[in-house]
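Below is one structure, written out as structure tokens; comments come after it.
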Amino acid sequence: MNLMMQQGRLFVQRTLCKTCGMQMARRCLVTPQTAQVLPWRLNNIQRGYHNIRLETISEVWQQFKKEFKYLKRASANRPLDPKDLNLGLEIGTAIFLIKANARVHFSNGRWYGRQQKGEKKVRLPAEEAVGYTVNAIDASGTLIDQNGFRDVMKLTGVKYLNIEGCPHIDDTCLAHLVHIRDSLTHLNINKCPSVTENGVATLHKLRKLERLNMSDLPKVRYSKLIASMLEDAVPRLRVNIISNLVDTEENRAKENFTEEDLGQTRTESV
């Protein structure tokens, strides 16, 4: 039985068992004057047909959205496929990231993954990437959480990491960055709603970090103070806390990595 409000009137819809299929749902019109006698009817909302609990459409829809988000998150953080590891850990982890809608750059000067959002054509690394390492990851807007982040931290040659706008990146993920402290030089954590001051404070262990973007972090109240402390703790670090948009120079560096950033020839975008 479902309740619906429309134009000041309360509609009561009695849901029949779908397995019977003998009758169609019947509506009863109830005016506000007669709504006072409804409590005895409201008790029937929780009753079930064939041991199935009936709920309102809105409750079912909200539950469906929660389950759908959970399934999308679980799909983006599946364990590494053993078939993808046949060509090595670097390629296997890169394929895992690409399946999560991320982009990966190898030391051979090539990007792999979708070049634009919504693009169907995806290039996966194959034999031509064997022997090369992953040195840049653009995982902005993905659903990667701490479970998938542990696999990413196995790539010890990552210099650039962009996790901007990832809703499930939290303090635990930032603490895992200590595993790539010997290589990481650029980090972007803009617009990560789950990151707090405790997570940002762990970045002082990244001794080779040169550039940090930490704008628009809703749970970090004293971002300027923390940025100043990080710059004092890490010798060559420059922290960018410009709100809303990252500066033009950083956006340009995000799209085209140069010889200075990656130690390779000019980046070839695929």
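The values are calculated or read from the model by the stated rules, or taken from the named source; none is laboratory data. If you're wondering where the values come from, they're calculated on a predicted model, not measured in any experiment. FYI the Cβ positions are ideal-geometry reconstructions off the backbone, even for glycines, and counts take in every protein chain you see. The accessibility values were calculated without ligands, DNA or RNA, using every heavy atom of the protein model including side chains. Shrake-Rupley method; radii C 1.70, N 1.55, O 1.52, S 1.80 Å.
Computing FRET efficiency as 1/(1 + (r/R0)^6) for LYS83 and ASN198, where r is the C-beta to C-beta distance and R0 is 35 Å, gives about 0.40. For THR172, the accessible area of its heavy atoms, probed at 1.4 Å with every protein chain present, is near 60 square angstrom. Look at the alpha carbon pairs under 8 Å that are at least 6 residues apart: their mean separation over the length of the stretch 149-218 gives a relative contact order of 36 percent. In terms of the mean number of neighbouring beta-carbon atoms within 10 Å, the peptides 84-92, 59-67, 184-192 order highest first as 184-192, 84-92, 59-67. Using R0 = 30 Å, the C-beta based FRET efficiency linking LYS208 and SER75 works out to 0.35.
Working from label points 7 Å from Cα in the Cα-to-Cβ sense, the ARG221 to GLU59 distance is 3.8 nm. Within the shell defined by Cβ-Cβ distances under 13 Å, the residues around GLN146 carry a net charge of -2, with Lys and Arg each +1 and Asp and Glu each -1. Site pair PHE68 and SER228 shows an inter-label distance of 4.7 nm when each label is modelled 7 Å from Cα along Cα→Cβ.
TYR160 contributes about 10 Å² of solvent-accessible surface, heavy atoms of the protein only, 1.4 Å probe. Quick one: Cα centre-to-centre distance for the stretch 167-200 and the stretch 127-159, in angstrom? Answer, in whole Å: 14. Taking 26 Å as the limit for the C-alpha separation, the pairs LYS66/LYS121; LYS83/LYS121; LYS69/LYS121; LYS66/LYS191; LYS83/LYS205; LYS99/LYS154 exceed it in the case of LYS66/LYS121; LYS83/LYS205. Electrostatic tally near ASP81: other residues with Cβ closer than 13 Å to its Cβ, Lys and Arg +1, Asp and Glu -1, net +1.
SER75 contributes an accessible area of around 60 Å² to the protein surface, as traced by a 1.4 Å probe with all chains present. Hydrodynamic estimate: the Kirkwood radius of the stretch 148-229 over Cα pairs, inserted into Stokes-Einstein at 25 °C and 0.890 mPa s, corresponds to D of 195 µm²/s.
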